[in-house]
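Have a look at the structure below, then the notes.
What follows draws every value from the coordinates through simple rules; no lab data is involved. Here the structure is a predicted model, which is why all the values come from computation and not from measurement. Backbone-built Cβ (ideal geometry, glycine too); neighbour counts: all protein chains shown.
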Amino acid sequence: MSNSQVIKPNFNRGKALMANLQKYTNQRMDCPVSGRKKCYFVPLSDIDSFAHNPARASGTRSAKVTELLDDLITDPNGQLEPICVEWNPAAGKFEIVFGCHREWATNDAYSKGYTIANHPIKGVSGIWAWAFTGSASERTALQMRENGNKKPSSPATKGEIVAMLGKYISQGGLDINPKTGLASPFLALSDLKKYERAKLFMQNNTPQWGGRKFVGVWNILSQSHNLGLNFKNYSKEMLAQYFCSNNPYGITMADLDEKLSGSVVQKGDITYGIYFVTQKSEMSGALPGNATRLKVKHKIDHMIIVCSLNNAGDTRVVKHRSTFQRDATFWNTLVHSKAFNEVFWMAQTKSETTKHILAGTWVAQITI
């Protein structure tokens, strides 16, 4: 470790950044995100402390800060992991790339008069950090890797992973093929190739979310971000909103139960039952039994299914719709007469959405 004194840097250019960083006390430390790094003891006064964690929609968690504070002041080795910072010349301070919990806990330790074993300079409140100098997309990938690969005590939520991956794509991060390293515009790819490239990136960068969990991430991402897909997926809430704006029975969102699917709605003398379906497998799963019980219990006159078949793809969706309707008819015929009465098919292919969404119409409204 160097014995040089802490000097507040004056960063005007990229070269000045590294030259002035050398005036900080430094040592090499292991970063779980980026391996062994040269780290600097940066005064907390030089860090722009976030009121809100940039990679966490739910914010910095006070329970985690308290846990880290206890570790910092009781561990004989002190601060075990560095945070990552990036110099912002406009603000004249470092921004936190990741490590908000650690920075908050360190602030708390100094404010309460505690010492941290491996913090080298008495009288100076600081934290070990390494300086990030990459692109915006590389910064987002780092944040995703650090927050997405957390231990079970503080994992990123699915929503946070979706937001970070969407941001990474919008910054052009997936315009580079992660398998070959060659440039290839993401938006020019087919739907399948987009899915495969995004999944491969997650497998490499954030393995906890690159396996079976990735399907759920992609479904939400494709609903909430403009990925230029030829086939559109919907959440059940999105189906409910479209149905309530474009159904012939006068059913509104206010009429639906809070759970949406399985709603019972009375309009005049007719009692409607409504299910919102996003997967073909639901017809071979719990849906028929649930719909039959609802029909008997509430004396449903007209049972409606509002349906998209997410992930079917534009080449298979017509066949899957036919199979779904056949299975519904099978249930009606052999198990319970008219458990289902009608299916509203949501527009999903590019040609369907172009034709139907703005017009407020359906691909088909089928009597079963």
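Once C-alpha pairs closer than 8 Å and six or more residues apart are averaged by separation and normalised to the residue number of region 14-133, the relative contact order reads 33 percent. Here the spin labels are modelled as points 7 Å beyond Cα on the Cα-Cβ line, and at Met253 and Asn118 they lie 5.1 nm apart. How much of the calculated P(r) for region 236-367 lies past 27 Å, in percent of all Cα pairs? That tail contains 15 percent of the Cα-Cα pairs. By the rule of a C-alpha distance below 20 Å, with chain neighbours fewer than 8 residues away ignored, the aspartates and glutamates paired with Lys232 are Asp191, Glu196, Glu282, Asp314, Glu352.
Determine the percent antiparallel among the DSSP beta bridges restricted to the chain, to the nearest 5. That works out to approximately 65 percent antiparallel. Each distinct pair of alpha carbons in region 138-224 adds a 1/r term; the inverse of their mean, the Kirkwood radius, is 12.9 Å. With only the Cα atoms considered, region 289-333 has a convex hull volume of 82 Å³ per residue. The orientation-averaged projection of the convex hull spanning the C-alpha atoms of the chain amounts to 23.3 square nanometres. Stretching Gln22 away from Ser284 to a fully extended chain increases their span by 87.9 nm, per 0.36 nm per residue minus the current alpha-carbon distance. Placing +1 on the Cβ of every Lys and Arg and -1 on the Cβ of every Asp and Glu, with nothing else charged, gives region 138-224 a dipole about its Cα centre of roughly 240 debye. Would you work out which of Leu200, Gly210, Leu182 lies farthest towards the positive end of the dipole of region 138-224, given +1 charges on the beta-carbon of Lys and Arg and -1 on that of Asp and Glu, about the Cα centre? It is Gly210. Helix 213-224 and the long axis of the chain differ in direction by around 80°, with both axes built from C-alpha atoms. Take every Cα pair under 8 Å whose residues are at least 6 apart in sequence, average their separation, divide by the length of region 216-300, and the relative contact order is 20 percent. Taken along its principal axes, the alpha carbon cloud of region 14-133 reaches lengths of 38, 33, 28 Å, longest axis first. Charging the Cβ of each Asp and Glu at -1 and of each Lys and Arg at +1, and nothing else, the dipole of the chain about its Cα centre rounds to 760 debye.
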